Amino acid sequence: MGKKAPKMKNITKSKTKTHKQKVKSHKKNKNISKQKYRTKQRSESQDQFKKPEAPLTDYLTHKSNYIAVRFIFECGIKLGLKHITICSAAVYFHKFYKHVDETAYDNYSIASATLYLASKVQDETIRLRDLINVCYHTLHRDAAPLRLAEDYWNFRDSIVHAEMLIMRIVQFDTTFDHPHNYFLHYVQTLRPVFYSKHGKDIIVFKKAYDFLHDFYHSSDILQFKAQHIAIACIELAIKVYGIPSQIIEYEIKPWYQQLFAKKRYYIVYKI
């Protein structure tokens, strides 16, 4: 009898182990089922409160310059161009129509040509065939792929001739002082203050950058200085979010006057 006792102990140990394993597996299954139920609830709630997608713009029904600049931005994003290249194309578009009647030329042919010209100026060359395909399918969304036929060559010739016309109207002056350089300088100066106090600097400056790109849709981008545009976009974003800061003391001195003073001092010192 004394020799059989350890076997009973081993049997009881194995039973307890199996019981514990069953309990653990049961708990795991419960947790997995709970997680699945939660994910289902989240997905259902997200489907209920999902924002409706904006409808695609039918550009052929609109002939305004504002919509044509939106066409430039959409085609530039599809082609994978940099933001500065797309903004340069918008500037060339506004410069062209500053000296020309709006009804004299087709907006979208000029817009396509400005994209092609801006890609050359910014050393971001794209294939003309890719530009034609993207612009054509943005205008005709449900159309079949454009074959190498009469329509293709007519569209190609219109872009090439429009590019030469833009260069003549602009007097071969493709230089422009973009607000982006000043915008980044001001962001680097203001960011430590917002980040240390509120932690909302990324939201504010992203919104300011969106305002900057929206302003390129208007021809007023040619009338103001680049520094003023960059400051106005940041100031508008600050007011939209209502964020106070130590350097924003409008009764004593606005923050942008301090940045302007630093900029002038830097220019004088450099000279």
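Within the stretch 57-70, the set of residues being under 21 Å from the mean Cα position of the chain (by Cα) and either among the aliphatic types (A, V, I, L, M) or open to solvent by less than 40 Å² (accessible area, probe 1.4 Å) (or both) comprises Thr57, Tyr59, Asn65, Ile67, Ala68, Val69. Residues that are assigned to a helix (DSSP H, G or I) and either closer than 13 Å to Lys78 by Cβ or more than 27 Å from the chain's Cα centre (by Cα) (or both) within the stretch 138-159 comprise Thr138, Leu139, Glu150, Asp151, Tyr152, Trp153, Asn154, Phe155, Arg156, Asp157, Ser158, listed in sequence order.
Just a yes or no: is a residue in the stretch 168-182 in contact with a helix residue (DSSP H, G or I) (Cβ under 8 Å, 6 or more places away or on another chain), under 30 Å from Phe224 (Cβ atoms) and aliphatic (A, V, I, L, M)? Scanning the stretch 168-182 turns up at least one residue that is in contact with a helix residue (DSSP H, G or I) (Cβ under 8 Å, 6 or more places away or on another chain), under 30 Å from Phe224 (Cβ atoms) and aliphatic (A, V, I, L, M). Exactly one residue among Tyr66, Tyr37, Tyr108 is modelled with pLDDT of 60 or more, farther than 26 Å from Tyr152 by Cβ and aromatic (Phe, Trp, Tyr), and that residue is Tyr66. Applying the condition of being open to solvent by less than 50 Å² (accessible area, probe 1.4 Å) and among the hydroxyl-bearing types (Ser, Thr, Tyr) to the stretch 218-261 and asking which residue is modelled with the highest pLDDT yields Ser218. Of all residues in the stretch 103-137, those satisfying the criterion of being assigned to a loop (DSSP other than H, G, I, E, B) and hydroxyl-bearing (Ser, Thr, Tyr) are Thr103, Tyr105, Thr125. Taken together, the residues in the stretch 152-183 that are open to solvent by 90 Å² or more (accessible area, probe 1.4 Å) and at pLDDT 85 or above amount to 7. Output the residue which, of all residues in the stretch 84-102 that are among the charged types (D, E, K, R) and assigned to a helix (DSSP H, G or I), is most open to solvent (accessible area, probe 1.4 Å). Looking at residues that are among the charged types (D, E, K, R) and assigned to a helix (DSSP H, G or I), I get Lys98. On the stretch given as the stretch 103-115, residues that are touching a helix residue (DSSP H, G or I) at 6+ places or on another chain (Cβ under 7 Å) and surrounded by fewer than 24 Cβ atoms within 10 Å (Cβ to Cβ) total 3. Scanning the stretch 71-83 for residues that are assigned to a helix (DSSP H, G or I) and either of a type in the set (Phe, Trp, Tyr) or surrounded by 17 or more Cβ atoms within 10 Å (Cβ to Cβ) (or both) returns Phe71, Ile72, Phe73, Glu74, Cys75, Gly76. Considering (1) touching a helix residue (DSSP H, G or I) at 6+ places or on another chain (Cβ under 7 Å); (2) closer than 18 Å to Ile234 by Cα; (3) open to solvent by 40 Å² or more (accessible area, probe 1.4 Å); (4) of a type in the set (A, V, I, L, M, F, W, C), the lone condition that Val121 does not fulfil carries the number (2).
The values are calculated or read from the model by the stated rules, or taken from the named source; none is laboratory data. These numbers were taken from a predicted model, which means no experiment stands behind them. Glycine also receives a Cβ, built like all others from the backbone with ideal geometry; neighbour counts cover every protein chain displayed. The area values use the complete protein model at the heavy-atom level, side chains included, leaving out ligands, DNA and RNA. Shrake-Rupley method; radii C 1.70, N 1.55, O 1.52, S 1.80 Å.
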